[in-house]
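The values are calculated or read from the model by the stated rules, or taken from the named source; none is laboratory data. Keep in mind it's a predicted model, so treat the numbers as computed, not measured. Don't worry about glycine lacking a Cβ; one is built from the backbone with ideal geometry, like all the others, and counts go over all protein chains shown.
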Amino acid sequence: MKNTNPLYGNQREKSGSQTFEKYSYQYHWALYRILKEHEERREYAVFVELHEDVVVSSSLDENEATFEFNQIKTNKKNFTETSIKKLKNDSSILGKLINSTTNKNYNDRITDINLVATGGFNKDFRPNGISLENISINDIPIETLNSLSDSILKELSIDYFPINIHLITPKLPDTGFQEFIIGNISEIVLKLYPDSLTQAVSIYRPLIDELYRKGMVTDDFQDWEQALKNKSLTSLTVEKVIQKFTNTKNNNDIKKRLDDILNELKLKTMQKVKYEKSFNKYYLNRIANKTISQLDIKKTIDTNIENCDEEIGKLIELVSIALPDNIKSQFTSDIDIKTAIICEYILKELT
């Protein structure tokens with residue numbers, strides 16, 4: 001067969017492409033981890049290249065957040081007891097992971113310390129030959145565990161071996177992982193929104209691009225909200241992207257109800273546009289994250305619905321007056337308060 005590529009020939013250097021593949025896998029594993037959280041409708045924030053390869057926060061609330069630390073290795077061979085504790089430039093694979101989670105001010109907030117290795121772990125870590133996706137410290141044979149503990153205590157000069165270590169062989173393949181993620185997005189969206197039409201590739205692209213962009217941020221942020229905004233991908237952002245490229249029956253019903261209500265309120269065209277934008281913003285936040293304000297608005301609607309004479313305008317007015325000041329202060333304008341009430345009313349009627 002005749003060559004059609006004028007640049008065909010042995011490449012002098014392939015390490016750059018191989019390095020990028022490892023780098024890319026790490027970011028795709030972070031997105032895979034995000035999708036697993038999203039599938040369970042949890043609140044989360046995921047940071048890439050912050051203290052460790054991938055850090056998962058359990059909450060967007062700085063006072064409630066706990067953290068899962070993940071180091072990603074795209075090794076072709078199984079890790080053995082010897083290779084995982086072997087020193088290279090005075091550090092071992094396991095030592096680097098543990099060192100990123102010890103003697104830090106966030107120690108007591110770390111729930112899991114995970115070594116994620118595409119090549120898996122050999123029989124040194126598998127009791128009775130059993131193959132586990134997630135090997136906890138209780139699964140590791142006592143001889144291996146004692147050897148690892150002795151080695152790490154000496155390497156790091158610490159006096160304890162962490163008990164929340166996990167050795168994980170990921171389900172995300174080390175080749176074709178882009179296609180795997182796109183398929184995973186389709187499955188999860190269909191699970192969350194049955195009978196919906198979704199554009200999985202259109203969801204994938206902005207999410208992975210956002211992870212790459214934020215992973216390259218090297219600034220340190222003292223303020224938690226700034227860290228979330230500039231360095232993490234959150235459950236709120238992911239849900240907004242999914243909603244943008246997914247058409248569900250529920251969304252169509254909500255849009256029709258909103259149009260009916262705005263028509264009943266006799267809003268002018270420019271007013272209607274403002275209400276629709278405000279409504280969409282609240283709705284996306286609403287389905288991606290449960291807050292106390294939602295519960296208060298729902299309760300206040302239930303309390304006043306019998307007194308509105310079946311007029312939506314009157315119901316909105318009654319609820320607006322009755323809402324506690326601490327709830328109203330969470331909104332930036334009267335329109336935002338009104339559209340939040342409209343949204344909660346529509347969702348109440350559709351369930």
- Within the stretch 260-287, can you find the residues that are under 25 Å from the mean Cα position of the chain (by Cα) and in contact (Cβ under 8 Å) with a residue 60 or more places away in the chain? Ser278, Phe279, Tyr282, Tyr283, Arg286
- Task: Scan Thr169, Thr144 and give me the residue that is in contact (Cβ under 8 Å) with a residue 60 or more places away in the chain and under 26 Å from Thr101 (Cβ atoms).
- Result: Thr144
- Message: Take the conditions among the acidic types (Asp, Glu) and outside any helix (DSSP H, G or I) and apply them to Glu310. Does it pass?
- Response: yes
- Checked Lys298, Lys266, Lys231 against criteria (farther than 24 Å from Tyr193 by Cα and touching a Lys or Arg at 6+ places or on another chain (Cβ under 8 Å)); the one match is Lys231
- Task: Output the residue which, of all residues in the stretch 152-172 that are in a loop (DSSP other than H, G, I, E, B) and among the β-branched types (Val, Ile, Thr), is modelled with the highest pLDDT.
- Result: Thr169
- Query: How do the pairs read when you match residues in the stretch 71-84 that are under 17 Å from Glu143 (Cβ atoms) and in contact (Cβ under 8 Å) with a residue 60 or more places away in the chain with residues anywhere that are part of a strand (DSSP E or B) and not small (Gly, Ala, Ser), using Cβ under 9 Å and keeping only pairs 6 or more apart or on different chains?
  - Reply: Phe79/Lys73; Phe79/Leu115; Phe79/Phe121; Phe79/Leu167; Ile84/Leu115; Ile84/Phe121; Ile84/Leu167
- What is the residue count in the stretch 109-151 for residues that are of a type in the set (A, V, I, L, M), more than 25 Å from Phe177 (Cβ to Cβ) and under 31 Å from the mean Cα position of the chain (by Cα)? 4
- Task: Output yes when any residue across the stretch 308-317 is among the hydrophobic types (A, V, I, L, M, F, W, C) and under 25 Å from Tyr193 (Cα atoms), and no when none is.
- Result: no
- Sort through Thr332, Thr339 and tell me the only one that's in the same structural domain as Lys268 (by TED's automatic domain parsing) and either without any contact (Cβ under 8 Å) to a residue 40 or more places away in the chain or outside any helix (DSSP H, G or I) (or both). Thr332
